[in-house]
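Coordinate-derived values only; no laboratory data. Not measured: the values here are computed from a predicted model. Positions of Cβ are backbone-derived with ideal geometry, glycine not excepted, and every protein chain shown enters the neighbour counts.
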Amino acid sequence: MSIKLENISYTYMQGTPFERNALDDVSVTIEKGEFVAIIGHTGSGKSTLVQHLNGLLKPSTGKAFINDVDLDGKGDEVKKAKHSVGMVFQYPEHQIFAETVYEDIAFGPRNKGFSEEEVEKLVKDAMSFVHLDYEEFAQKSPFNLSGGQMRRVAIAGVVAMAPDYLVLDEPSAGLDPMARDVIFEEIINLYKKRDIGVVLVTHSMEEAVRYANRLLVVSDGKIILDDAPKEIFKNHSQKLLDVSMDIPQVFKLAESLRQKGLTLSEDIIDAKSLVAEIKKQRGIK
């Protein structure tokens, strides 16, 4: 099972004086079970790219497929394929619309034709998954919740549809560190429990290297790098700098320590693993 984009180009406001090319001949395949992070500077095309993964945008040229189903087609097969990709936007208030948390989360399952009894179970399970107490929150207005709680409602609405792929556009934007960690804990649990594909758009190099097993670097509407995060940060630092990107601070610090004579593993990806490696080298328990 996979999502496949073939030679996708996309132009905003085509044929007008404001015409702008956002994607330029992009081809990529994302398999179910992968955790893919996408990074790039503002305006690079990464958000436009992910909106082609479930047919939200129709390419100006090229083709998009989900499990070999052409998204340019029509009918139940295409609709089912699009429903297999759930998307959580950067600002959850953009996709939250119902009067209550329950009704918002229930919208997707109802659209897929589940009975009311099944819908209730799916809503309860999804709220439990994102750690929102059903009795406390189900009948509350989602617009009266905190930013972190709204983000959880948005994720629950997607989880309730049991997607094969989950696309998240900057899910930690605007959250404090504690709320961010809770959100990612939920995402990782879902990824492992259901063996779904996850696509994470992020500005954070640390998030990319900590959570993803594959990294796409987007610049000027093209994918310029595609590899494991630590391989990209280790071997392509200059190319990242050339497109106004950077590498995580922990990689810089580890490399600086190596240059000073400390033998460190190449598997360091965060501060915790760096500290553990330094302690190991110094014989500290």
> Under 5 Å between amide H atoms, partner at least 5 residues away or on a different chain: which partners does PHE35 have, H built in plane at 1.01 Å?
Replying inline: VAL198, ASN213, ARG214
> Fully extended, how many nm does the chain gain between LEU253 and GLU206 (0.36 nm per residue separation, minus their Cα-Cα distance)?
Replying inline: 15.6 nm
> Measuring from centroid to centroid over Cα atoms, what is the spacing of the range 223-285 and the range 27-63 in Å?
Replying inline: 27
>> How large is the translational diffusion coefficient of the range 82-126 in µm² per second when you combine the Kirkwood radius over alpha carbon pairs with Stokes-Einstein at 4 °C and 1.567 mPa s?
In response: 114
> Of all DSSP beta bridges in the chain, what percent run antiparallel (nearest 5)?
Replying inline: 55
> Using helices alone, what [θ] at 222 nm do you get for the chain, with -39,500 (n - 2.57) per DSSP H run of 4 or more residues, divided over all residues and rounded to the nearest 500?
Replying inline: -12000 deg cm²/dmol
> How high is the FRET efficiency between SER146 and LYS79 when r is their beta carbon distance and R₀ equals 45 Å, given to the nearest 0.05?
Replying inline: 0.85
>> Given axes a ≥ b ≥ c from the Cα gyration tensor, I'd like to know whether the range 153-251 is rounded (a/c under 1.5), prolate (a/b larger than b/c) or oblate.
In response: prolate
> Taking every DSSP beta bridge that has both residues in the range 124-263, what percent is antiparallel when rounded to the nearest 5?
Replying inline: 50
> What spacing in nm lies between the two simple spin-label points modelled at ARG20 and ALA228, each 7 Å away from Cα in the Cβ direction?
Replying inline: 3.7
> Rg(Cα) of the chain divided by 2.2 N^0.38 Å?
Replying inline: 1.09
